Each structure stands twice: as C-alpha cells, then as structure tokens.
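Data first, discussion second: the structure below is written as structure tokens.
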Amino acid sequence: ILRKTLRKRGVRVITGLGKYFQQVDKNRNGLLSQADFKEALKVFHLEIPETDFETLWLILDDSKSDKVDYGEFTRAIFGEMNEYRKAFVRKAYMKLDFNKSGSVPVVDIRKSYCAK
C-alpha cells in the first residue's frame, strides 16, 4: 500500500522524507526508531493501518534492531537501481573522483557542482 502511495505522490515526497529523516536522526547514524518512522509517515500524510504498519516494520527492520535504515527504506520502496541508472551514477562518480582515491570529499564536489 505504501509503495503505491509513494509512487503516486512522486519524488518530492521521497525527497521530503529524506530531509525529514535527516532532521530526526539526531546522532547521524542513518537509522530511525519505529516512533520516528511512524511520525514521519504521519507528517507526510502517509498514514497506513496499524496492521499494515506492523507488517512494513517487520520487513524493514529485518535485523530486529528496532531501527530502520533510510537506505533500506528507499530500496524497499523503489527497488535497486536499473543498470542504465547505475552506469550513469558510476560515470558521474568517476568525474568527481579526480585523484581516483575511491572517495569524494565535499571539497571536490564543490569544485564540480553549483547548486544555484
């Protein structure tokens, strides 16, 4: 149910959820508690019946840590990237990784990207 709703509502809701999750994630570990996750769904008018929420939580919290990873959430909703998109991301990453170190510092991103 949530997957269909999110796909109908579009990228703005997912982007908004991502920003909201970052605000709620006080210790910056990329994990959300069940209460925070439920509140996020409520804020974005994505309420689902309690039984559906419990089922969703069991799927997302497969490690039984009582936390859900935002990356796992987006993969559960959208699935893995297709090969075309992966190739595009790899190409962009290779342009950003000037010294071929395998990591891209924010300084290097700033040299290549202007958000204006």
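At-a-glance table
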{"quantity": "Spans of helices (runs of 4 or more DSSP H) in segment 48-103 with at least 1 residues open to solvent by 70 Å² or more (accessible area, probe 1.4 Å) and either polar (S, T, N, Q) or in contact with a Lys or Arg (Cβ under 6 Å, 6 or more places away or on another chain) (or both)", "calculated": "50-60"}
{"quantity": "Residue within segment 75-94 that is in contact (Cβ under 8 Å) with a residue 12 or more places away in the chain, more than 28 Å from V13 (Cβ to Cβ), out of contact with any Cys (no Cβ under 8 Å at 6 or more places or on another chain) and not assigned by the TED database to the domain that holds L41 present", "calculated": "no"}
{"quantity": "Within segment 34-47, tally of residues that are surrounded by fewer than 15 Cβ atoms within 10 Å (Cβ to Cβ) and of a type outside the set (D, E, K, R)", "calculated": "3"}
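The values are calculated or read from the model by the stated rules, or taken from the named source; none is laboratory data. What you are looking at is a predicted structure, and each value in this text was computed from that prediction instead of being measured. Cβ atoms come from the backbone with ideal geometry, glycine included; neighbour counts cover every protein chain shown. Heavy atoms of the whole protein, side chains included, go into the accessibility calculation; ligands, DNA and RNA do not. Shrake-Rupley method; radii C 1.70, N 1.55, O 1.52, S 1.80 Å.
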